[in-house]
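Colleague: To start, I am sharing the structure in question, which I have written as structure tokens.
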Amino acid sequence: MSVGQLPSIAALFLIVFDRTRGYTIAWSRSLSGIDLEGVEFKCLPSGLHSVREDIVYFTHGAYAGVSAFAAVDAGIEHRGRQFAAVGALVKAHQREPLGHSWLYVETLQVLARASASTLDRFDELEEAWERLTVDKATSQSVSADEPEGVDRLHGSAFVCGNNPALSLTNDLESLGPLLFPLYRAALLRKRILIYSPAPVLPVCNLIHSLFGFSQISFDLRPSSPDHRLVSTPLFSVGLPDIGHLQSATKSWIACTTEKVLTEKYDVYDIVVDLSPDNRRPQHPWPEIRGARSSYIRATQRDARRFVGLQRELIRHCRSTSSASDIDEDGTDEGNKVAARRESVLRSEEGNLSYNPSAVSALIESETWTAAAYNSLLWWASATDADETESEESVADSALLKDITLPNFLTSTAPNEDKIFARRSQSQIVALLVRTYFRRWTERLITVIDRVIETHEAQGVNEYYCEFSVDDLRSMGLDEWSPGDRRFVRDFVWLRFATRVVFEGEEGWEICGVKVC
């Protein structure tokens, strides 16, 4: 890729560990007016010394930061290991908070490896700065007034193997159906903190995906701008960022390697624990909980949705020419993280089902009301839940219908080029999953808008509106889940300042039997 295609670079710097001063900026170049104070701590999160290499994304004022970390073996005077981080700042904007900074990853990795071996030589860094720097005027951040939208997944920036979106296969594997309640929390503009030890890159990639999933296109927003409807991905944060997190006026999504941050309950609304030893060694699955509250699990509807989504992704990937050459034993960092746990799903004779130990850890139990209703419905009508689940499957499959893959995703892979095939599959999954969530958001908001408009047209109580069971189903939500009902209440209040009541909150009658 030519330099002309790279995003404008505003700063380049080398971070090292000095035995007397700690983390230090050993060398830096930047455009005038850019303050680099604090980047040394952002580039070297706690625990990074436990890995050989890593990539860290962060924010620094109006800029997106990316840093490549490298460690090499060294003598006893360096306690057996010597490391360095080479970082860069690029312009950031609402549509792409990282400013395509991943296009610099390979360059920064080369510089970090060289710098870790020779900490006192800056020739390569000087040459890189001269080669990559651009005029100051073209490096300024895009105006905050620019309409926010969904970043398009096409072109050279998407094809690049370091694009965070291409980690979605690993995100699906590591989170399973928990991805759906996390998506809803992001839609509610909650302050989401993700805790995981190094490596940092897979979690930064997950944040990038969550940001993309939860974006609401400009034409679906209320006419008056509201900062509550905008979420800010902060990526990697540490203890020095506590003050900023507490004073932030917008919601945010961030990750940390600092366990102590998860104990600062006033800092976040939702915490996600991705550590392999998250207090339940018998069920080492990810955990989501609110500040000082109970754990958040996927709904029964989410569980069915996740299986259906995986089936659709498998079907789409198999329909492409490159899928047959995929090497499932990938060795990148994202796969290593996913491999810390058992698989959420297992395949038996071509059918997907949940790993038994994952069910109780990840999925809500069926409510008594739902069990009683379904049993009485079967008794009264000689049918069961299969018809409802079939309707759900059709509705979910529609989210992935009529997607035309770009030509570069349908091209034939060179013979036995498994790297090309695996990357092609990651690109297909990224495009499909991003489209899936975008269309789901559009469907959800369309249903809410319709209910609100009908409510206003009827001239009934202006302080609340009623949602039916069919409305919840149309939004792709679980009509029996208290969590999904809270989501609708909170989301409608956030967008319309309108209160919600639900049809049947006092129960239903089936053949004279009341189900509460």
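Colleague: Can you tell me which residue is surrounded by the fewest Cβ atoms within 10 Å (Cβ to Cβ) among those in the range 11-46 that are under 18 Å from Ile242 (Cα atoms) and either in contact with a Ser or Thr (Cβ under 9 Å, 6 or more places away or on another chain) or of a type in the set (Lys, Arg) (or both)? Lay out the reasoning, then the answer.
Modeller: Filtering the range 11-46 for residues under 18 Å from Ile242 (Cα atoms) gives 37-46.
In the following step, the residues that additionally are either in contact with a Ser or Thr (Cβ under 9 Å, 6 or more places away or on another chain) or of a type in the set (Lys, Arg) (or both) were identified as 39-40, 42-46.
Values: Val39: 24, Glu40: 23, Lys42: 24, Cys43: 27, Leu44: 25, Pro45: 25, Ser46: 17.
Among residues in the range 11-46 that are under 18 Å from Ile242 (Cα atoms) and either in contact with a Ser or Thr (Cβ under 9 Å, 6 or more places away or on another chain) or of a type in the set (Lys, Arg) (or both), the one surrounded by the fewest Cβ atoms within 10 Å (Cβ to Cβ) is Ser46.
Colleague: Still on this model: So which helices (runs of 4 or more DSSP H) are wholly in the range 296-394 and hold at least 1 residues that are at pLDDT 55 or above? Outline the logic, then answer.
Modeller: Working: elements: 300-318, 333-338, 356-362, 368-381.
Hits in the range 296-394: 300-318, 356-362, 368-381.
Colleague: Say we look at the range 456-488 and pick out the residues that are exposed (fewer than 15 other Cβ atoms within 10 Å of the Cβ) and touching a strand residue (DSSP E or B) at 6+ places or on another chain (Cβ under 7 Å); which of these is nearest to Ile296 (Cα to Cα)?
Modeller: Filtering the range 456-488 for residues that are exposed (fewer than 15 other Cβ atoms within 10 Å of the Cβ) and touching a strand residue (DSSP E or B) at 6+ places or on another chain (Cβ under 7 Å), the one nearest to Ile296 (Cα to Cα) comes out as Tyr464.
Colleague: How about the range 47-76: which of its residues are hydroxyl-bearing (Ser, Thr, Tyr) and open to solvent by 10 Å² or more (accessible area, probe 1.4 Å)?
Modeller: Start the filter on the range 47-76 by keeping residues that are hydroxyl-bearing (Ser, Thr, Tyr), which leaves 50, 57, 59, 63, 67.
Residues satisfying the conditions are Ser50, Thr59, Tyr63.
Colleague: Does the range 472-486 hold any residues that are within 13 Å of Glu392 (Cα to Cα) and assigned to a helix (DSSP H, G or I), and which are they?
Modeller: Pass one, the range 472-486, residues within 13 Å of Glu392 (Cα to Cα): 472-479.
Answer for the range 472-486, where residues must be within 13 Å of Glu392 (Cα to Cα) and assigned to a helix (DSSP H, G or I): Leu472, Arg473, Ser474.
Colleague: Right, here's the next one. Pick out the one residue from Ala116, Ala112 that is modelled with pLDDT under 95 and open to solvent by less than 20 Å² (accessible area, probe 1.4 Å). Steps first, please.
Modeller: Values: Ala112 fails: modelled with pLDDT under 95.
Just a single option satisfies the conditions, and that option is Ala116.
Colleague: What's the number of the only condition in (1) modelled with pLDDT of 95 or more; (2) over 13 Å from Ile194 (Cα atoms); (3) among the acidic types (Asp, Glu) that Asp266 fails to meet?
Modeller: (1)
Colleague: Something else: When you scan the range 256-277, how many residues do you find that are more than 16 Å from Arg292 (Cβ to Cβ) and basic (Lys, Arg)?
Modeller: So the count comes out to 1.
Colleague: Okay, next question. Consider Val501 carefully, then state whether it is at pLDDT 85 or above, open to solvent by less than 70 Å² (accessible area, probe 1.4 Å) and part of a strand (DSSP E or B).
Modeller: When the stated conditions are applied, Val501 passes them.
Colleague: Just name the residue that is modelled with the highest pLDDT out of those in the range 169-195 that are open to solvent by 10 Å² or more (accessible area, probe 1.4 Å), more than 19 Å from Gln215 (Cα to Cα) and more than 12 Å from the chain's Cα centre (by Cα).
Modeller: Looking at the filtered set, the residue picked out is Tyr195.
Colleague: Also, quick follow-up: Could we say that Gln82 is more than 24 Å from Ser231 (Cβ to Cβ), open to solvent by 20 Å² or more (accessible area, probe 1.4 Å) and at pLDDT 95 or above here?
Modeller: The answer is no for Gln82.
Colleague: Filter the range 47-61 for residues that are closer than 24 Å to Phe211 by Cα and of a type in the set (S, T, N, Q) and give the result. First the steps, then the outcome.
Modeller: To start, the set of residues in the range 47-61 that are closer than 24 Å to Phe211 by Cα comprises 54-61.
If the condition is that a residue be closer than 24 Å to Phe211 by Cα and of a type in the set (S, T, N, Q), then Thr59 is the only one that fits.
The values are calculated or read from the model by the stated rules, or taken from the named source; none is laboratory data. Everything numeric in this text was worked out from a predicted model, so none of it was measured. In this analysis, Cβ positions are derived from the backbone assuming ideal geometry, glycine residues included, and neighbour counts consider all displayed protein chains. SASA here: full protein model, heavy atoms, side chains in, ligands and nucleic acids out. Shrake-Rupley method; radii C 1.70, N 1.55, O 1.52, S 1.80 Å.
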